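Values in this text are rule-based calculations from the coordinates and carry no lab data. These numbers were taken from a predicted model, which means no experiment stands behind them. Here the Cβ positions follow ideal geometry from the backbone for every residue, glycine too, while neighbour counts run over all protein chains shown.
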Amino acid sequence: MAKATNTRTATAVDSHIGQKIRARRIYLRMSQTDVADALGISFQQIQKYERGANRVGASRLQQISDALGVSPYYFFEDAPTVGKKMPTPVEGELSERAIVSFLATRDGAALVRGFLKIKQKSVRRALIDFVATIVA
């Protein structure tokens, strides 16, 4: 009997879960080392999870969920589906993946944090309109 090889490439779901781990970690202002220490693993392993290079098993996902203060379901919200055709993005608009990727950066998290601190709806709207004129 032939032995199965363990070669695989990261799936879209692996990448999505990794992005969600990174986004939540950055949102909480935790380093990869902070998360790794909470799980008893190396920060390099966290890097691999965040890149989608290594799959996250169910028990490890539960540990990550606990460390980041979310339910395991959080990591699957808006995840790509297998076997279903995804809607085609509208030309000229940013893809959902691009938006999620940006939110997983320090700049993205800082921008959202700052924006959410603006309580006046009119100021928020003025800021959105200002950005729209800059990029037009």
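Okay, which of segment 8-30 sit inside 16 Å, backbone N to the point 7 Å along the Cα-Cβ direction of Val112? Residues 16-30 fall inside that zone.
With a simple spin-label model that places each label point 7 Å from the Cα along the Cα-to-Cβ direction, the separation between Asp78 and Val123 comes to 2.6 nm. Spin-label model, Ala98 to Val135: label points 7 Å out along the Cα-to-beta-carbon direction sit 0.8 nm apart.
In order along segment 55-62, the phi-based Karplus estimate (6.51 cos²θ - 1.76 cosθ + 1.60, θ = phi - 60°) of 3J(HN,Hα) comes to 6, 9, x, 4, 5, 5, 4, 5 Hz; Gly and Pro are listed as x. Among Ile41, Ile46, the order by Cβ neighbours within 10 angstrom, fewest to most, reads Ile41, Ile46.
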